[in-house]
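The values are calculated or read from the model by the stated rules, or taken from the named source; none is laboratory data. Since this is a predicted model, take the numbers as computed values, not measurements. Note that we place each Cβ from the backbone using ideal geometry, even for glycine, and neighbour counts take in every protein chain shown. All accessible areas refer to the heavy atoms of the entire protein, side chains included, with ligands and DNA or RNA removed. Shrake-Rupley method; radii C 1.70, N 1.55, O 1.52, S 1.80 Å.
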Amino acid sequence: MKPKNQVANATMKDVAVQAKVSTATVSRALMNPDKVSQSTRNRVEQAAIAVGYLPHSLGRNLKRNESRTILVIVPDICDPFFSEIIRGIEVTAAEQGYLVLIGDCAHQNQQEKTFINLIITKQIDGMLLLGSRLPFDASIEEQRNLPPMVMANEFAPELELPTVHIDNLTAAFNAVYYLQQLGHQKIACIAGPEEMPLCHYRLQGYVQALRRTGAVIDPHYIARGNFTYEAGAAALSQLLALPNPPTAVFCHSDVMALGALSQAKRNGLRVPEDLSIMGFDDIALSQFCDPPLTTVAQPRFDIGREAMLLLLDQLNGHTVSSGSRLLDCELIERGSTSAPGSRK
């Protein structure tokens, strides 16, 4: 039986009315308890329990002051690239008795309130960002009130977070240089979204590799996609329609490379004899397509593991400096690339 004051789907305003304080005071009492007096904090916590504002989690946190739960923010849960990073996070978290919640940023508008509630009510102890943005608006000043955070895979210096990732610029440079060593001169790029920092660095690597040989950068040789299979196919169609189409394509992700591979076959091209295709990430599917995909292997499990270890250091009271922790990557040569051949 519910306590008589308990409200269905209670909100912060219900807590404020019950405690006879403002909603701002409720927010401070739950998110920054040091900013309010002990008596106010007690009154707000008792009011939250009385109206049913997530009483179970609050009751638990009052006793232990921790939830043993981590929130992982993923740009798109449907992208197979993230699976190994999440596995690295989960295995490492489980070793220390932590539970992992996954938040999908692809549906950010619907989720934003949920994420904020998890933080305000202290249902999470820390956050791991697998993209370059927070899942809600928060100034640098407001970020200091958030739980400990670590970024994995991306790099966004303005957030001033500890970060685990690869050197995307150098990895892309080496991938394009490999295509040049095979003898390719007409090398196109299927790039990811312009607003993503890692895409900026991978595109810079592509441009620098071409400039190194004195090649002119042709903007028509750069097509954009959103990391989906369909985007890779559409981008390749665009490139093949050029008056002087490329003999090799460097893709910012394996998923887009697989889309490009499929489109090349639909256009009657042989891969790699007529067109070499290079991916990025080394997802499991890249080994099993026909031909298997030449790609850049990221240590995805290790990225997840190292990021979680950095977060655990913070949760254990250690000071962790912001900035990059770079992990190595490796170019994997498979059957989708070769020296340029003659077209049919």
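Please report the net charge: other residues with Cβ closer than 12 Å to the Cβ of Asn226, K and R +1, D and E -1.
Its environment carries a net charge of -4.
Between Thr23 and Gln204, what is the FRET efficiency for a Förster distance of 41 Å, r being their Cβ-Cβ separation, to the nearest 0.05? Don't skip to the answer; put the middle values down first.
Details: r = 46 Å, r/R0 = 1.12.
According to the calculation, E is roughly 0.35.
Can you give the accessible area per residue of the stretch 12-55, in Å², using a 1.4 Å probe?
51
In whole percent, how big is the carbon plus sulfur part of the accessible area of the chain, probe 1.4 Å, protein atoms only?
C and S atoms contribute 50 percent here.
Which residue, Asn117, Asn42, Asn153, tops the fluctuation ranking in a GNM of the chain built on C-alpha contacts under 10 Å?
Result for the chain, Cα springs under 10 Å: Asn42 fluctuates most.
Under a crude label model (7 Å from the Cα following the beta-carbon direction), how far is Arg212 from Glu195 in nanometres?
3.2
Regarding the stretch 12-55, what are the three Cα extents along the principal axes, ordered largest first, in Å?
23, 16, 15
Give me the orientation-averaged projected area of the Cα convex hull of the stretch 168-297, in nm², one decimal.
Quarter of the Cα hull surface area: 6.9 nm².
Which value in nm describes the separation of the simple spin-label points at Ser237 and Ser37, placed 7 Å from the Cα toward the beta carbon?
Between Ser237 and Ser37, the label points sit 6.8 nm apart.
Multiply the residue gap between His318 and Leu101 by 0.36 nm, knock off their C-alpha separation, and tell me the result in nm, one decimal place.
Numbers: separation 217, 0.36 × 217 = 78.12 nm, distance 2.32 nm.
Going from the current span to full extension adds 75.8 nm.
Let's see if you can work this out: charge +1 on each Lys and Arg Cβ, -1 on each Asp and Glu Cβ, no other charges. What is the dipole magnitude of the chain about its Cα centre, in debye to the nearest 20?
Once rounded to the nearest 20, the dipole reads 980 debye.
Starting from a Cα-only point model with no solvent, please compute log10 I(q)/I(0) by Debye for the chain at q = 0.07, 0.12, 0.14 1/Å.
Summing over Cα pairs of the chain leads to -0.38, -0.85, -1.03.
Quick check on packing: order 96-103, 229-236 by the mean number of other C-beta atoms within 10 Å, highest mean leading. Write out the running numbers ahead of the final one.
Details: 96-103: 15.9, 229-236: 22.9.
Going by the mean number of other Cβ atoms within 10 Å, highest first, we get 229-236, 96-103.
With an 8 Å cut-off on Cα pairs and a minimum separation of 6 or more residues, tell me the relative contact order of the chain in percent.
17
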